Amino acid sequence: MSSDDPAVRARRRAEAKLGFYKHLGVYLAIGLMLFAIDFVAFPDTSWAGWPVFGWGIAVAIHAISVFAFRGEEKILDRMTEEEMRRDGANDQWGREWARAAHFFSSL
């Protein structure tokens, strides 16, 4: 299967979404734990919001990268082709390398 195969692209998108949901779950669990520790051990101060806020920014960026930028693969493919042309992939070694890469990507 090549990267143009719809099944491969759908699998990559599903894996990206699953990775985000795992990240979100860990974030929520650790955030709750931090707030519980903060409440029990330090009732006079509130520090847990700072790390949860910082990590929340990272979770938001992860969500944007998974759900908002769906055309990334096409952009990456186009940039890769341009780099291969720029590096002389039209010579014999480049053609052999491209053929080998295509072979292994289809396994």
**Fill in**
Of 27-34, 80-87, ordering from highest average Cβ density within 10 Å down gives 27-34, 80-87
**Message:** Tell me the relative contact order for the stretch 1-69 as a rounded percent, counting alpha carbon contacts under 8 Å between residues six or more apart.
**Reply:** 37 percent
**Request:** If a/c stays under 1.5 just call it rounded; otherwise compare a/b with b/c (prolate if a/b is bigger, oblate if not). Do that for the stretch 1-69, with a ≥ b ≥ c from the square roots of the Cα gyration tensor eigenvalues.
**Result:** prolate
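All of the numbers you see were taken from the coordinates with simple rules; none came from a lab. Everything quoted here is computed from the prediction, not taken from an experiment. Positions of Cβ are generated from backbone atoms using ideal geometry, with glycine treated the same way; all protein chains shown enter the neighbour counts.
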